[in-house]
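The structure appears below as structure tokens.
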Amino acid sequence: TIVNILTDRYEAASTENIQNQLVGVARDQANLANSFFEGMLNDLVALANYRASLEQQSAVFVESPYWNAETRISQFPSGQYGNSAIDVASIFIPSTILVDEAIYNELNTTAYLDFFAPNFLKTHPGAVAVYYIGKSGTTTYYPNISLAQNVPADFDATKEDFYTIATPENNQSREPRWTDTYQDPAGNGLVTTLSIPVYSNDTFLGVMGLDVQLEQIARTIANVQVGDTGYAFLVDKAGHILAMPPQAYSMYRLSPEEVSSNSARELSVLAKG
């Protein structure tokens, strides 16, 4: 009886110790992930606020623009507008938009993001791209990847999730919003987008967006070791697998998922017991 009591106590103590270790590892990794995202979120909020402040001075920028859209953008054979690859940012205006004086003024004002956006990307290696989408449908995109030559001529960014999640009808609280993860069509692997609405005097101007590559977090998760055989993996709020080592796929009797461009993950650990 004494042996059984002592054995039960030992097993209970061991189980509690293991649970505490697992919780500690999970908490540490979660804190690292939080820091990774929070730093970018705070800096993108500052960039969005800067774009809002530019609107207050737009008249000055129009009269004496640092970058003149009237001379720097041109129409392509398919009807869309773009700019030179030597500019700091890529400009894209879909073929469905009539380019007028208001469009030129908007682009001239947004061009002053040139002084901060490139440094943002240098400061945050996990950031793939940062961009501003005006409610008119224009896009100013960093880095310059000749965007107008790499998307469909009639591509409407204002219809995409990374824009609509931040619009007044979908985000009355005006908070930063994250999209679900998806496979980046530009070849950057698994990404998520942070979208922040931009307002000036309560007028909605557009959305500041940031594409974040999850490879860095996936690598960190894959290298976590718990005990001799333990491991860590990362899932989203729906249980879809974002990062998982081979032994975890084996345990869940799953095969790694092949995800096409611009598509979300569908393989979930919740489907297995």
Between Gln149 and Ala33, what length comes free when the chain is fully extended (0.36 nm per residue of separation minus the Cα-Cα distance, one decimal in nm)? 38.3 nm
Count charges around Leu194 for me, please; just the other residues with Cβ under 10 Å from its Cβ, Lys/Arg as +1, Asp/Glu as -1. 0
Can you compute the FRET efficiency between Gln225 and Glu257 using 1/(1 + (r/R0)^6), with r the Cβ-Cβ distance and R0 = 30 Å? Round to the nearest 0.05. 0.80
Computed from the coordinates I sent, Rg and Dmax of the Cα atoms in Å equals one of (1) 25.3, 84; (2) 19.2, 62; (3) 23.6, 92. Tell me the label. (3)
In degrees rounded to 10, the 0-90 angle between helix 2-55 Cα long axis and the longest Cα principal axis of the chain is 0
Measuring with a 1.4 Å probe in the full set of protein chains, what accessible area per residue, in whole Å², belongs to the chain? 55
Under 11 Å from the 7 Å Cα→Cβ point of Lys237, by amide nitrogen: which residues of segment 129-148? none
Trypsin sites (Lys or Arg not before Pro) within segment 147-238: which are DSSP loop residues with at most 15 other Cβ atoms inside 10 Å? Arg174, Lys237
Where a label projected 7 Å from the Cα of Val99 along Cα→Cβ would reach, residues of segment 34-54 with amide N under 15 Å: none
So between Asn17 and Glu175, what do we pick up on full extension, going 0.36 nm a residue minus the alpha carbon distance? 52.9 nm
So if R0 is 51 Å, what FRET efficiency would Glu266 and Tyr50 give, r being the distance between their Cβ atoms, rounded to the nearest 0.05? 0.85
Using the Cα centre of the chain as the reference point, and only Cβ charges (+1 on K/R, -1 on D/E), how large is the resulting charge dipole? Debye, rounded to the nearest 20. 520
If I stretch the segment between Asp114 and Glu215 completely, what's the gain in nm (0.36 nm per residue apart, minus their alpha carbon distance), one decimal? 33.7 nm
Where the accessible area of segment 1-68 is counted over protein heavy atoms with a 1.4 Å probe, how much of it, in %, is carbon and sulfur? 55
Determine, from the Cβ-Cβ distance of Asn68 and Ser250 and an R0 of 51 Å, the FRET efficiency 1/(1 + (r/R0)^6), rounded to the nearest 0.05. 0.30
May I ask for the angle, rounded to the nearest 10°, between helix 101-110 and the longest principal axis of the chain, with both axes built from Cα atoms and the value confined to 0 to 90°? 50
Simple spin-label estimate for Val88 and Thr7 in nanometres, 7 Å along Cα-Cβ: 7.3
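The values are calculated or read from the model by the stated rules, or taken from the named source; none is laboratory data. Small disclaimer: the values here were computed from a predicted structure and weren't measured. A quick note on method: Cβ atoms are made from the backbone with ideal geometry, for glycine too, and the neighbour counts reach across all protein chains shown. With ligands, DNA and RNA removed, areas are computed over all heavy atoms of the protein, side chains included. Shrake-Rupley method; radii C 1.70, N 1.55, O 1.52, S 1.80 Å.
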